[in-house]
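Trainee: My structure is below; once you've seen it, I'll send some questions.
The values are calculated or read from the model by the stated rules, or taken from the named source; none is laboratory data. The model shown is predicted, which means the values in this text are computed figures rather than measured ones. Every residue, glycine as well, gets a Cβ built from its backbone with ideal geometry; the counts of neighbours run over all protein chains shown. For the accessible areas, the whole protein counts, side chains as well, though only heavy atoms, and no ligand, DNA or RNA atoms are used. Shrake-Rupley method; radii C 1.70, N 1.55, O 1.52, S 1.80 Å.
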Amino acid sequence: MSRNAGAGRAYVRPMRGWWRRNPFFVRYMLREATAVAVAVYAIVLATGVVRLAQGEASWNGWLEALRSPWSLLMHLVLLAAMIVHAKSWFEIMPKTMPMLFVGGRRVAASTITRIGWAATVLASVVLLALAWGWRT
C-alpha cells in the first residue's frame, strides 16, 4: 500500500466573504471599517500641522483646500463614520471596564453609555465655545 493511500487533499474551508454570511458579522465589519475614517481624519489633521509649520502661505493653501466641495463632502462622510465609530465604542465601554458599584448597587451598562455620550457632548460644546470665542 502506498504511503499516501487514502490521503486526499486536506479540506480547506473557504474564507472569501465569510463575514457576509451572518448579519452580526456584517455589522461588526462595518463598525470596524469606521476606524479607517479615524485614520483618514488623523492624516488630514497631521497635514494641517505640517502646513502650519511650513508657513502662512502653506497654511492658507491647506485651509483653502478644506473649503472645496470635495473636501466638505469628505468631511460629511467622515463625520457620519465618526458618529458610528463613537456609538460602537460607547456601547462596548461597559463591557470592557470593571463593574462599577455606587451605593452598593451595580451601575447599569446603559448608564455608563449615557455618561460617555454626555461627556462627549460637554467636551464638544466647550471646544466649540473656545473655538468660537477665539475667532471673534
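Trainee: Quick check on Leu76: is it open to solvent by 70 Å² or more (accessible area, probe 1.4 Å) and either within 28 Å of Met29 (Cβ to Cβ) or under 24 Å from the mean Cα position of the chain (by Cα) (or both)?
Mentor: The answer is yes for Leu76.
Trainee: Take Met15 and decide whether it is in a helix (DSSP H, G or I), of a type in the set (A, V, I, L, M) and either over 21 Å from Phe90 (Cβ atoms) or in contact with a His (Cβ under 7 Å, 6 or more places away or on another chain) (or both).
Mentor: No: the conditions fail for Met15.
Trainee: Quick test of your reading of the structure: Ala129 fulfils all but one of (1) in contact (Cβ under 8 Å) with a residue 12 or more places away in the chain; (2) out of contact with any Pro (no Cβ under 6 Å at 6 or more places or on another chain); (3) surrounded by 10 or more Cβ atoms within 10 Å (Cβ to Cβ). Name the failing condition by number.
Mentor: (1)
Trainee: Test Arg20 against the stated conditions and say whether it is out of contact with any strand residue (DSSP E or B) (no Cβ under 9 Å at 6 or more places or on another chain), assigned to a helix (DSSP H, G or I) and surrounded by 12 or more Cβ atoms within 10 Å (Cβ to Cβ).
Mentor: Here the answer is no, as Arg20 does not meet what is asked.
Trainee: For the range 87-136, name all the residues that are outside any helix (DSSP H, G or I) and either within 25 Å of Arg27 (Cβ to Cβ) or not basic (Lys, Arg) (or both).
Mentor: Selection gives Met97, Pro98, Met99, Leu100, Phe101, Val102, Gly103, Gly104, Val107, Ala108, Thr136.
Trainee: Right, here's the next one. What about Ser71, is it surrounded by 12 or more Cβ atoms within 10 Å (Cβ to Cβ), assigned to a helix (DSSP H, G or I), free of Cβ contacts under 8 Å to residues at least 12 places away in the same chain and not charged (D, E, K, R)?
Mentor: Criteria met by Ser71.
Trainee: Could we say that Arg3 is in a helix (DSSP H, G or I), over 30 Å from Trp117 (Cβ atoms), open to solvent by 80 Å² or more (accessible area, probe 1.4 Å) and modelled with pLDDT under 90 here?
Mentor: In short, no.
Trainee: Take Lys95 and decide whether it is among the charged types (D, E, K, R), closer than 22 Å to Thr120 by Cα and surrounded by 13 or more Cβ atoms within 10 Å (Cβ to Cβ).
Mentor: Here the answer is no, as Lys95 does not meet what is asked.
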